[in-house]
């Protein structure tokens, strides 16, 4: 029907106007030091933390300014600001920090706070094994392992309300802190604090042209990475010749990458056909200065080049077509191509082995390139209004150079049934199988790399895969209870691999129940299991397989919670409980060691979060939060600094903490918050 | 929304008609959203637009008088269990959002799987949870429950802590990339935050340049570094050189027996620390 809206005055419409904000200020007390509790939250140390959160908006003459604050008092703070003019243009600014806290139990003899070199403490007594390092215990000093990522975003768009839209975004990420690296000599190694000082600048910009039936976007992407530390040197704590007492490793080099892409969609006025395409070309370069072959003054030839002149070209293109030639039939075809052409020059390098020996053999670098294509086609047919059946075929081809397998092809077929007898019930079952074949596993390449010719690397090997998935959801319109569940299995069989990964089985299951007790109360219960079993074989005699191993990985998650948010009434409450239990069992069977198993790797996380607020008035409320976390980890790999005779570790201990963070605060609303119809 | 000859009549007063019944805070919260900006001519509440009926369709029948016992004629409702067909629901949204999101949506994975816009987006709310980093995953996990389980594993990206969103890596409105990735492929997506791994390095580790997922599970893992298996088993799935790479690292290497540097600490990475690639001229073994 024609409609005349000239009389639609919208007299009662409560349009947003003026200034409005909701701001919370409070204090939180954390009961204990725990790096992992502070990981990503900023609550890593015992004590009191002040905090400020909130968001606000100001509307004036068609302009809208929004801001948001999150955890301003913590090292996980975030701040956002945006302004726009009724969709004509917009600007946004964002700042956020992500604290990564890995270990607070680590200790090292290397006490340098920052920089690119480590020196031994005064009075250090070098020895051949960690157990003989007499000054070790007295020289160990605590060293936190963690870093901080700061992200600044600035961007905007201009939409002149014609056929064009312009946008540009700039992002700067910095990351600084300390990570763990390992510096090795011939048969000894030292875990070292590695100083991180990264900066990555990213630009995304583009213009979009939009018409009634098609759109095209021309986009530019640039990413520029710089690392202020070219290398890391360290004095070895082990007995060494004077020439090899200072060793050096390279750090991640500066690099940059740019890409130009053209993408778009075309809506064909026939059979509801949609054609989408993408074409992108990119180029990456890495030309950072190289370190010398060795810091040993008696060894090392001149480098053939002072930098790598590394260059990689990328090419991506894709085409997707979906169509509905019949009311009941929907078809889809897609093809994707992805190419990495590593044009880095190949040069013969003269490796110096652990700063002691010239290898005597020139070693050419191997710049790996690949191209891969992926074609898919699928059809879906509605057998009945409530039953749809789908089938698909996929073909993948991968070409590589300088590796054991030059050409790899994968053929996959699948089928799916979807049954929706009513709007609130949905059942989907899918199953399929794929075969990944190789043209030839070139053992001459493998042997040249010293590999056992029976080894089949799992990413290159022949593989047969079967998989299936069932997903069901029940959400009755009139019932307050809803239910959903899923089960997935995938079975990989590497039938032609005598050594290496022989097979793996993946299983996942989930079940969710939620109950809307009333308009203001909601309860949920969620469960999930994720497991992966893997079998592999090896040969310590460098012949036929003489050992096998079984890796059994399980994870169970249980979540439960309640939310109470009445539209009327002063109290609101949310409680969430979560338990995650991870378990890894590794069993071996070998000629030399018989059947045995490693102790279980186990983690258990219990987490409880409570958020409550009580409104004293329309503007003022008191808030309460409680975050309880208990985490236990059993991990035999984490050992004390002198546990290994030839590796000086940082002695990180398995996590075992029990922390409560309790906070109180006030929340104040500025401006008009109640939405009332105009008189 | 364009008028259609087959459609019922629109109401006489637009939104003012609707407010005679629908005046609760939850409903009125739409006035805190972009959909209710009178100064934006493209907004449903922009000048000359159809207000509530822009999305909910002509409402004259719905707003009219009904006899006692007679069911009030329905208007389109936006919800995953709504009786309004998903295609009809989405048609209302895409009609205005054709130029931006709609173009990408047509034929995308979520479109083909008949998701409605309202499965993810909440329209009558000031801050749509799916557009906020801290709350987005909760929305996505409503369907992607297996990924929720994985995100709870002990080594995972900070999705659980609300510091990363699913859209940090995926483009849910559809793209021509595999698994709706935000960039051209898996590695290019990872490099957005981990550009230090991009190289090219002088000495490359062949599988690393192809697919980070060869060794890592980005949704979460029981193993440090989000590795898909524990080292040295992961490494020994591919490396079988004579000598130490071929030796089973079993209980004999535990501290109570003869502690082995091939098993404990960082396992293979005690020496081959530069597994992502080395730029050291003597680093062909990825040790420095």
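Subtracting the Cα-Cα distance of residue B:135 and residue B:9 from 0.36 nm times their residue separation leaves 41.4 nm of extension gain.
Using R0 = 51 Å, the C-beta based FRET efficiency linking residue A:422 and residue A:399 works out to 0.55.
Taking only the Cα atoms of segment B:72-161, the radius of gyration and Dmax are 15.2, 53 Å.
Once both labels are positioned 7 Å from their Cα atoms along Cα-to-Cβ, the gap between residue A:271 and residue A:560 label points is 5.4 nm.
Each Cα pair under 8 Å and six or more residues apart adds its sequence gap; the mean of these over the residue count of segment B:1-133 is a relative contact order of 25 percent.
Explain nothing, just the number: relative contact order of chain B, from Cα pairs under 8 Å at least 6 residues apart, as a whole percent.
Values: 363 pairs, mean separation 32.3, N = 288.
Relative contact order comes out at 11 percent.
Our Cα-only numbers for segment A:263-340 put the radius of gyration and Dmax at 24.6, 79 Å.
Send over the per residue convex hull volume for segment A:297-373, Cα only, as a whole number of Å³.
Working: hull volume 8.7 nm³, N = 77.
So the per-residue hull volume is 113 Å³.
Across the alpha-carbon set of segment A:95-191, the Rg to Rh ratio works out to 1.30, Rh being the Kirkwood radius.
R0 = 60 Å: FRET efficiency of residue A:19 with residue A:124, Cβ-based, nearest 0.05? Approximately 0.40, to the nearest 0.05.
Taking 8 Å as the Cα distance limit and 6 or more residues as the minimum spacing, I'd like the relative contact order of segment A:450-493 as a percentage. Walk me through the intermediate numbers first.
On the way: 43 pairs, mean separation 17.9, N = 44.
The normalised contact order for segment A:450-493 reaches 41 percent.
Among A:370, A:524, what is the fewest-to-most ranking by other Cβ atoms within 10 Å? Display every interim value, and only then the final one.
On the way: A:370 19, A:524 16.
Ordered from fewest to most neighbouring Cβ atoms within 10 Å, A:370, A:524 come out as A:524, A:370.
The alpha carbon radius of gyration of the protein assembly as shown, expressed as a multiple of 2.2 N^0.38 Å, is 1.01.
Using only DSSP helix segments of four residues or longer, with each worth -39500 (n - 2.57), what per-residue ellipticity at 222 nm results for the protein assembly as shown after dividing by its residue count and rounding to 500?
Values: 15 runs with 81 residues, N = 967.
That calculation yields -1500 deg cm²/dmol at 222 nm.
Taking the number of Cβ atoms within 10 Å of each Cβ as an exposure proxy, the fewest-first ranking of A:494, A:668 is A:668, A:494. Between residue A:132 and residue A:324, residue separation times 0.36 nm minus the direct Cα-Cα distance comes to 61.5 nm. Shape call for segment B:219-288 from the C-alpha gyration tensor, a ≥ b ≥ c root eigenvalues: rounded (a/c under 1.5), prolate (a/b greater than b/c) or oblate? Oblate, since a/c reaches 1.5 and b/c is not below a/b. Sorted from longest to shortest, the spans of the Cα atoms of segment B:146-254 along the three principal axes equal 50, 34, 21 Å. Rank B:119, B:40, B:128 by mean-square fluctuation in a GNM of chain B with C-alpha springs under 10 angstrom and give only the top-ranked residue. Fluctuation is largest for B:40.
To the nearest 0.05, how large is the calculated FRET efficiency for residue B:66 and residue B:88 if R₀ is 22 Å and r is the Cβ-Cβ distance?
Details: r = 23 Å, r/R0 = 1.04.
It comes out at approximately 0.45.
A short reminder: the numbers here are calculations on the coordinates, not readings from a lab. Treat the numbers as computed from the prediction; the structure is a model and nothing was measured. Heads up, the Cβs are rebuilt from the backbone with ideal geometry, glycines too, and the neighbour counts pull from every protein chain shown.
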